[in-house]
Amino acid sequence: MDSTVTGDIVTYELKGNVALVGLNRAEKRNAISDRVVEALAVAIARAEREARAAVLFGYGNHFCAGLDLAEHVERSPIEGVRNSRRWHAVFGGIEHGTIPWISALHGAVVGGGLELAASTHIRVADATTFFALPEGQRGIFVGGGGSVRVARLTGVARMTDMMLTGRVVPAASAEAWNLAQYVVAEGEALAKATELAEAAASNAELSNYAVINALPRIQDMAKEDGLFVESFIASFTATSPEAEERLRAFLEKRAARLKAPGA
Ligand code: 1HE
């Protein structure tokens, strides 16, 4: 394994062409301090340069306890705005970068931890995972993109319930709530997320870019605008040299065939 650790608070390893990025502050349940945000930004930039897909996970018993509340207590209103905008910029680098991100979730995925997971493209939750938005209990509001990203995943009604009542959503409900696309047995999220990242990494880079950048934007467009944009992206990706080679490989029977699940 080509492996490097860039810092103690966020770890980085390159396994083949998949970057493994770990939140490594287990003694504080991987709470997101300013240092964690900046270390994440470094790891995201490095993954963009070196990898074709990335996995985000947390060390210890929890994926992430959200915003570091100890730091937040000291902030003035304008510092709070700057902090939130920085989270948006860094998490936006995951959501609208050039490579797919898969998060491996376990234990608490709460507050800003859920906002971070929501910026990844695929979420894999193990059986110990629970989701919550305890901002109301702390006297604050989501500030890491949750009102946009979490609300789009769960729907506004479910997010409103989580925020108003402190409802904790267990792994067993994660797929129905659209908080995770996969639910696996305890301890298996990282392996599953890595397997999915390897699959995504084998796609054409331009197709992955279109999926993670065009698909969410098209959802925000009027129907006719979305169809119009889709045609251009379809033509642009299909006429790339990589697409031509992949299409030829299929026609010449050099490409793997799809298999029915379990076959
Ligand atoms: C923290 C944080 C934190 C733990 N900021 N220090 N997030 C929350 O409201 C969730 C708060 N945390 C918890 O509910 C629990 O810690 C957990 C369910 C995640 C884990 O429980 P447990 O029993 O394993 O750990 P613990 O004993 O509660 O915490 C261990 C240590 O981590 C302890 O510090 P210590 O010095 O006493 O050992 C905790 O204080 C510390 N810790 N969570 C700071 N979040 C951009 S807007 C986003 C807004 C939000 O994210 S609001 C939600 C914040």
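We did not get these values from a lab; they are worked out from the coordinates using the rules stated. A quick note: this is a predicted structure, and the numbers were derived from the prediction, not measured. Cβ: placed from backbone, ideal geometry, glycine included. Neighbour counts: every protein chain shown.
Here are some notes:
- A cut-off of 5 Å between modelled amide H atoms, ignoring neighbours fewer than 5 places along the same chain, links ARG123 with SER103, GLN181, TYR182.
- Dividing the convex hull volume of the alpha carbon atoms of the chain by its residue count gives 151 Å³ per residue.
- Residue-wise HN-Hα coupling along the range 243-256, computed from phi with Karplus coefficients 6.51, -1.76, 1.60 (Hz; x: Gly, Pro): 5, 4, 5, 5, 5, 5, 4, 5, 5, 8, 6, 9, 9, 5
- Shape of the range 165-242, Cα gyration tensor, a/c cut at 1.5: oblate
- For GluC sites (Glu not before Pro), the sites in the range 1-105 that DSSP calls loop and that have at most 10 other Cβ atoms within 10 Å are GLU74.
- Reference-scaled alpha-carbon Rg (2.2 N^0.38 Å with N residues) for the range 1-130: 0.99
- Bins of 10 Å from zero: percent of alpha-carbon pairs in the range 205-251: 26, 47, 22, 5
- Rounded tilt (10° steps) of 156-165 against the dominant C-alpha axis of the chain: 20 degrees
- Phi-derived couplings, Karplus 6.51 cos²θ - 1.76 cosθ + 1.60 at θ = phi - 60°, listed residue by residue for the range 54-65: 9, 10, 10, 9, x, 7, x, 8, 9, 5, 5, 8 Hz, with x used for Gly and Pro.
- Built amide H within the under 5 Å cut-off of ILE9, gap 5+: none
- Theoretical FRET efficiency, 1/(1+(r/R0)^6), r = Cβ-Cβ of ALA256 and ARG75, R0 41 Å, to 0.05: 0.20
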